[in-house]
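Here's the structure, in structure tokens; my notes come after.
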Amino acid sequence: MIRTYLLPPLLLIGSNILMTFAWYGHLKRPAWPLWMAIVVSWSIAFLEYCLAVPANRIGYLAGAYSGQQLKVMQEVITLTVFAGFSVLVLGESLRWNYLAAMACLVAAVGFIFLPAR
């Protein structure tokens, strides 16, 4: 029971770390030709799918989460992972509007997990 509730978010965190590197990691390698950036990105993305697909199947098929809950959870995880990536890897700073958008998504998580009536 606990596995079905904990495993999906943990797998989604791992998949989002990989996908963030797949989508944005090549920006730190401007000397790479485009074809190399694409091949490396797709190679990383394959590994990401090996985590994301089981995360969603386990969470949904076990009845732990609805599809809507999984999607909103994934979006919050994505923004959280990207916030760290943008600061630590890309050297960007978090601005107020990014933090405000994150607060809205956290609120969305709260709403999506409210009991249906």
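Each reported figure results from applying straightforward, stated rules to the coordinates on display, with no laboratory input. Values in this document were obtained by computation on a predicted structure and should not be read as measured data. Positions of Cβ are backbone-derived with ideal geometry, glycine not excepted, and every protein chain shown enters the neighbour counts.
Shape call for region 2-112 from the C-alpha gyration tensor, a ≥ b ≥ c root eigenvalues: rounded (a/c under 1.5), prolate (a/b greater than b/c) or oblate? Write down the numbers at each step before the final one.
Values: a/c = 3.00, a/b = 1.33, b/c = 2.25.
Oblate.
Restrict the search to region 23-117; then list the chymotrypsin sites (Phe, Trp or Tyr not before Pro) that DSSP places in a loop and that have at most 14 other Cβ atoms within 10 Å of their Cβ.
Sparse-neighbourhood loop chymotrypsin sites (Phe, Trp or Tyr not before Pro): PHE113.
Please report how far the C-alpha centroid of region 19-41 lies from that of region 60-116, rounded to the nearest whole angstrom.
24 Å
Report Rg/Rh for region 52-117, rounded to two decimals, where Rg is the Cα radius of gyration and Rh the Kirkwood radius.
Reported Rg/Rh (Cα atoms, Kirkwood Rh): 1.07.
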